[in-house]
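None of the figures in this text is laboratory data; all of them are computed from the coordinates on show. Because the structure is a prediction, the values reported are computed rather than measured. Neighbour counts run over all protein chains shown; Cβ positions are idealised from the backbone, glycine included.
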């Protein structure tokens, strides 16, 4: 092989190696970017789930309060009905 041919082979081999290394680095970078995006989505879903849980707990608490108030109103109404029946 002549020096020109050997130089061309080494040059092409070096370029091929650089392209392969560049492709691997690019692929790894894309994988890291995807992982970060997935992590961000997961954290946002967790925050959303936490807010939904807090809202459900607040709704349950208020429903319990309303249930107690309704029971009180029902007892008073029954008392009024008894009084009205006695008056008739």
| message | Between residue 78 and residue 53, how high is the FRET efficiency from 1/(1 + (r/R0)^6) when r is the Cβ-Cβ distance and R₀ = 35 Å? Nearest 0.05. | response | 0.40
| 5 Å binning of all Cα-Cα separations within the range 1-83, expressed as whole percents from 0 upward | 3, 11, 7, 8, 6, 6, 7, 5, 6, 5, 5, 5, 4, 4, 3, 3, 3, 2, 2, 2, 1, 1, 1, 0, 0
| request: Along Cα→Cβ, 7 Å out, is where each label goes; now give me the distance between the ones at residue 42 and residue 3 in nm to one decimal. | output: 5.8
| Distance (nanometres) between label positions extended 7 Å along Cα→Cβ at residue 22 and residue 60 | 5.9
| Helix-only CD estimate at 222 nm, as mean residue ellipticity for the chain, using -39500 (n - 2.57) per DSSP H run (n ≥ 4) | -37000 deg cm²/dmol
